[in-house]
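One structure below.
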Amino acid sequence: MQHDKVGSLMTMDVVRTLYSTPVDEAARLLAGARIGGLPVVDEDDRVIGVLSAADLTAPRAAPPDPCRSRRFLGLPAAPSAARRSTTPETAARTAGQLMSAPPVTAHAEDTIIEAARIMARRGVNRLPVLDEEDRLVGILTRRDLLRVFLRPDACIRDEVTDEVLVRVLWLMPHSIDVTVADGVVTLSGRLERRSEAEIAVAMTRQIDGVVAVVGELTWRLDDTRQRSDEQVLHGVADDRLRKL
């Protein structure tokens, strides 16, 4: 059983910008596309940073004008050469000068669960998606992930039946009852072994869109205790063998 890959969910038509793109042009791209951030790429389409709306707005406040401050204090105006040297010539002019780097990215072959964990751990709302050569091929957003975790209950039930019961446990599709309500899966019924019940619950938790699992399964044979007893016996026998 495999989680869906990032490549199956990402948006492939990515609005991007170059390091040398003027700040005003990058701002127009963000506003026109109504997005919160742009991947910044180099000439080989490799992502070198991310430019967000916050990156654009934070540096926009102009530094204090020293000439105005001198006038306010009643001091003579600074020489023209000094005025030229204090103008904000060093203010950022390109997307590359404002971008956040290094970028937080994902690969198309990563699972959606892995991407969600990266977003949560790094506190980002979007992930540029890279191919095997680390070139930009898409973008994954929190909104995309939300679509996965709002999967229809019927789709989740079908996957539990097909992937967990049939393919993993080799059971008949209706061996146990599977009900799903708002992403909460309830497994009920009787199985042959306790280990099968534990596997069913554990693997159901891993299915995309599952919020929680309620295990109401019973079993005829508690094979987990049998395995524990065998491990103890093997341990005693190994100790005796080592003493010989």
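Counting only residues that are open to solvent by 20 Å² or more (accessible area, probe 1.4 Å) and β-branched (Val, Ile, Thr), which one in the range 10-42 is modelled with the lowest pLDDT? Break it down stepwise before answering.
Kept after step one, since they are open to solvent by 20 Å² or more (accessible area, probe 1.4 Å), are these residues of the range 10-42: 10-13, 15-16, 18-20, 22, 24-25, 27-29, 31-36, 42.
In the following step, the residues that additionally are β-branched (Val, Ile, Thr) were identified as 11, 15, 35.
Values: Thr11: 92, Val15: 93, Ile35: 89.
For the range 10-42, the residue satisfying everything is Ile35.
Among the charged types (D, E, K, R), modelled with pLDDT under 95 and open to solvent by 60 Å² or more (accessible area, probe 1.4 Å): does that describe Asp208?
Details: among the charged types (D, E, K, R): yes; modelled with pLDDT under 95: yes; open to solvent by 60 Å² or more (accessible area, probe 1.4 Å): no.
So Asp208 does not fit the description; no.
Go over the candidates Leu187, Leu169 one by one and state the one that is farther than 30 Å from Gly7 by Cα, at pLDDT 85 or above and aliphatic (A, V, I, L, M).
Working: Leu169 fails: farther than 30 Å from Gly7 by Cα.
Leu187 is the lone residue from the list that is farther than 30 Å from Gly7 by Cα, at pLDDT 85 or above and aliphatic (A, V, I, L, M).
Considering the range 140-164 alone, what residues qualify as being surrounded by 14 or more Cβ atoms within 10 Å (Cβ to Cβ) and not in a helix (DSSP H, G or I)?
Those that are surrounded by 14 or more Cβ atoms within 10 Å (Cβ to Cβ) and not in a helix (DSSP H, G or I): Leu140, Thr141, Arg151.
If you take the residues in the range 111-131 that are more than 8 Å from the chain's Cα centre (by Cα) and of a type outside the set (Lys, Arg), which one is most open to solvent (accessible area, probe 1.4 Å)?
That would be Asn125.
Among the listed residues Asp208, Asp144, Asp134, which satisfies the condition of being within 27 Å of Thr105 (Cα to Cα), in contact with an Asp or Glu (Cβ under 6 Å, 6 or more places away or on another chain) and of a type outside the set (Ser, Thr, Tyr)?
On the way: Asp144 fails: in contact with an Asp or Glu (Cβ under 6 Å, 6 or more places away or on another chain); Asp134 fails: in contact with an Asp or Glu (Cβ under 6 Å, 6 or more places away or on another chain).
None of the other options fit; the residue is Asp208.
When only residues in the range 89-110 that are over 30 Å from Met203 (Cβ atoms) and of a type in the set (S, T, N, Q) count, which is least open to solvent (accessible area, probe 1.4 Å)? Before you say what the answer is, go through the steps one by one.
Looking only at the range 89-110, we keep the residues that are over 30 Å from Met203 (Cβ atoms), and these are 89-103.
From the residues that got through so far, the ones that are of a type in the set (S, T, N, Q) too are 90, 94, 97, 100.
On the way: Thr90: 139, Thr94: 29, Gln97: 101, Ser100: 57 Å².
In this case the residue turns out to be Thr94.
What about Ala197, is it surrounded by 14 or more Cβ atoms within 10 Å (Cβ to Cβ), at pLDDT 90 or above and not acidic (Asp, Glu)?
Working: surrounded by 14 or more Cβ atoms within 10 Å (Cβ to Cβ): yes; at pLDDT 90 or above: yes; not acidic (Asp, Glu): yes.
For Ala197, the condition - surrounded by 14 or more Cβ atoms within 10 Å (Cβ to Cβ), at pLDDT 90 or above and not acidic (Asp, Glu) - is met.
Conditions first: (1) out of contact with any helix residue (DSSP H, G or I) (no Cβ under 7 Å at 6 or more places or on another chain); (2) closer than 30 Å to Leu38 by Cβ. Ser100 passes all but one, so which condition is the exception?
Tallying (1) out of contact with any helix residue (DSSP H, G or I) (no Cβ under 7 Å at 6 or more places or on another chain); (2) closer than 30 Å to Leu38 by Cβ, Ser100 fails exactly one: (1).
Pick from the range 43-54 the residues that are modelled with pLDDT of 90 or more and farther than 12 Å from Arg126 by Cβ: which of them is surrounded by the most Cβ atoms within 10 Å (Cβ to Cβ)? I'd like the intermediate steps shown before the answer.
Here is the first cut: in the range 43-54, the residues modelled with pLDDT of 90 or more are 43-52.
Checking the rest, the ones that are also farther than 12 Å from Arg126 by Cβ come to 43-46, 48-49.
Details: Glu43: 8, Asp44: 10, Asp45: 17, Arg46: 15, Ile48: 16, Gly49: 22.
Among them, the one singled out is Gly49.
For residues in the range 177-190 being open to solvent by 10 Å² or more (accessible area, probe 1.4 Å) and either in contact with an Asp or Glu (Cβ under 8 Å, 6 or more places away or on another chain) or not in a strand (DSSP E or B) (or both), which is farthest from Ala212 (Cα to Cα)? If you could, list the steps in order and put the result at the bottom.
At the first step, the residues of the range 177-190 found to be open to solvent by 10 Å² or more (accessible area, probe 1.4 Å) are 177, 179-182, 184, 186, 188-190.
Filter once more, so that each one left must be either in contact with an Asp or Glu (Cβ under 8 Å, 6 or more places away or on another chain) or not in a strand (DSSP E or B) (or both): 180-182, 186, 188-189.
Working: Val180: 10, Ala181: 10, Asp182: 10, Thr186: 9, Ser188: 14, Gly189: 18 Å.
Ranking the candidates gives Gly189 first.
Taking Ala92, is it outside any loop (DSSP other than H, G, I, E, B) and within 29 Å of Leu30 (Cβ to Cβ)?
Working: outside any loop (DSSP other than H, G, I, E, B): no; within 29 Å of Leu30 (Cβ to Cβ): yes.
Taking the combined requirement at face value, the residue does not satisfy it.
Tally up the residues in the range 198-222 that are farther than 19 Å from Ile156 by Cβ and more than 30 Å from the chain's Cα centre (by Cα), please. Lay out the reasoning, then the answer.
Taking the range 198-222 first, the residues farther than 19 Å from Ile156 by Cβ are 198, 218-222.
Subsequent filtering for residues that are more than 30 Å from the chain's Cα centre (by Cα) retains 218-222.
Residues flagged as farther than 19 Å from Ile156 by Cβ and more than 30 Å from the chain's Cα centre (by Cα) within the range 198-222 amount to 5.
Show the residue pairs meeting these rules: Cβ distance below 7 Å; 6+ apart or different chains; first residue within the range 9-35 and within 22 Å of Ala108 (Cβ to Cβ); second residue open to solvent by 50 Å² or more (accessible area, probe 1.4 Å) and not in a loop (DSSP other than H, G, I, E, B).
Hits for this filter: Val15/Leu29; Thr17/Leu29.
Quick one: is Pro102 modelled with pLDDT of 85 or more and farther than 17 Å from Val15 by Cα?
Values: modelled with pLDDT of 85 or more: yes; farther than 17 Å from Val15 by Cα: yes.
Judged against the criteria, Pro102 is a match.
The values are calculated or read from the model by the stated rules, or taken from the named source; none is laboratory data. What you see is a predicted model; the values in this text were computed from it and never measured. As a convention, Cβ positions derive from the backbone with ideal geometry for all residues, glycine included, and neighbour counts pool all protein chains shown. What goes into the accessible areas is simple: the full protein's heavy atoms, side chains included, and nothing from ligands, DNA or RNA. Shrake-Rupley method; radii C 1.70, N 1.55, O 1.52, S 1.80 Å.
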